[in-house]
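The structure appears right after this line, and notes come after that.
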Amino acid sequence: MISLGIESTAHTFGCGIIDDKGKIYANVTDAYKTESGGIHPSEAKQHHEEVKDKVIEDALNQANLKLKDIDLVSFSQGPGLAPCLLVGLKKAKELAKKINVPIVGVNHCIAHLEIGKLMTKAKDPVLLYPSGANTQVIAYEGGKYRVFGETLDMGVGNFIDSFARHIGLGFPGGPKIEKIALNGKNYVEIPYVVKGMDVSFSGILTNLKQKYDSKKYNTEDLAFSLQETVFAMLVEVSERAMAHCGKKELVLGGGVACNRRLQQMCRIMCEERNAKFFVQPNEVLVDNGLMIAWLGILQRKQGTKNYDSIDIKPYERTDDVLVTWK
Ligand code: AMP
Ligand code: MG
């Protein structure tokens, strides 16, 4: 069985193709970027409208397949920006109807976790999922993927992007901050905000902006201190989730997981507690269609040809989904 998956929750329109053995055929993405300023939902939607046909065509070409070879169409149902999600839904329905195959809507956060398991062969990991809009620590317990810790306000990626925007860098700011941080030498004290198992970034953002505006600090030192502080928060909560669940594996997923310093800090923590740490290639860490296609395979029993019964779920939470495929 071959599944074609469509991702469109936020800035990225992606199409991936995979079969039920986990054989990867294609993974093509096109992401909305800006020179300055952040992500604007209606502009991101416009971007998706413009690139969607080309992305899908490129994926089929990369896979050396025709649309009629596809047995299942899967799409990101949520969580995400409604205008962006609707582009994916519409396109998925159109394709599925055309070739008369079932359609299945899947949860974006769980897709990050399941592709992580497929790519790394981790069996029962804790997932640290730091992305633009989301920041969660997730693990499987009692029939669901449970959220053991999460952000109380913005996703860590949005937080980094907001600071980057404040200092005049465009979107996405994460890779730029990572580069600048390499030249930071002095740690500047900024708030460290862990509340129970949750994290919060809005106060840190205000503090960093004030420090930058005061012109008393070196920008590279601020970028360095930002990374050291908020990544330590994420690692702390992940470690506590691993200890609590008795799990011995950590998988990273989400765009901020591309950051080498975060990967290094996770690796050190895992080594110290004799756990295994897995990093995936960047193209599956960021939002992509391959993970959607794969979760579609896992949830194929829920596929339907009753196309009108399918809608987006912009606010769906990880722990709303009953895991029926394990
Ligand atoms: P996602 O929403 O999972 O596609 O991730 C997008 C987010 O990842 C954006 O906020 C980016 O700024 C962030 N990001 C991408 N690469 C890096 C990096 N190397 N370091 C930190 N953040 C990054
Ligand atoms: Mg994501």
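Values quoted throughout were computed directly from the atomic coordinates according to the rules given, and no laboratory measurement underlies them. As the structure is a computational prediction, the values presented were derived from the model and not from experiment. Because the Cβ atoms are built from the backbone with ideal geometry, glycine has one as well, and the counts that use them run over all protein chains shown.
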Item to check | Separation in nanometres of the label points that stand 7 Å from Cα toward Cβ, at LYS33 and ASN183 | outcome: 2.0
Checklist entry - Taking the chain as a Gaussian network, where each spring joins two C-alpha atoms under 10 Å apart, which residue of GLY14, GLY196, GLY105 fluctuates the most? => result GLY196
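Can you give the FRET efficiency to the nearest 0.05 for TYR315 and LYS276, using r as the Cβ-Cβ distance and R₀ = 35 Å?
Working: r = 33 Å, r/R0 = 0.95.
So the FRET efficiency works out to roughly 0.55.
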Checklist entry - Applying the Karplus parametrisation 6.51 cos²θ - 1.76 cosθ + 1.60 with θ = phi - 60° to the phi angles of the range 240-245, what ³J(HN,Hα) value in whole Hz is obtained for each residue in order, glycine and proline being reported as x? => result 5, 5, 5, 5, 5, 8
Checklist entry - Any idea what the alpha-carbon Rg over 2.2 N^0.38 Å comes to for the range 145-213? => result 1.19
Checklist entry - Between ASN64 and LYS23, what is the label-to-label distance in nm when each label sits 7 Å out along the Cα-to-Cβ direction? => result 1.0
Checklist entry - Could you give the radius of gyration (one decimal) and Dmax (whole number) of the Cα atoms in the chain, in Å? => result 19.6, 63
Checklist outcome for this item: Residues whose built amide H sits under 5 Å from the amide H of ALA26, excluding neighbours closer than 5 in sequence, are ILE17
Next on the checklist: Out of the trypsin sites (Lys or Arg not before Pro) in the range 16-119, which ones are loop residues according to DSSP with at most 13 other C-beta atoms within 10 Å?
Outcome noted: LYS21, LYS23, LYS33, LYS66
Next on the checklist: At q = 0.10, 0.14, 0.18 Å⁻¹, what log₁₀ I(q)/I(0) does the range 122-283 have when each alpha carbon counts as one equal point scatterer in the Debye sum?
Outcome noted: -0.34, -0.67, -1.07
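Ignoring the sites themselves, what is the longest stretch of the chain with no GluC sites (Glu not before Pro) in a DSSP loop and at most 16 other beta-carbon atoms within 10 Å? The partial results should precede the final answer.
On the way: sites that count: GLU35, GLU189.
Of all site-free stretches, the longest is 36-188.
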Item to check | HN-Hα J in Hz across the range 130-136 - Karplus 6.51, -1.76, 1.60, θ = phi - 60°, x for Gly and Pro | outcome: x, 10, x, 8, 10, 8, 9
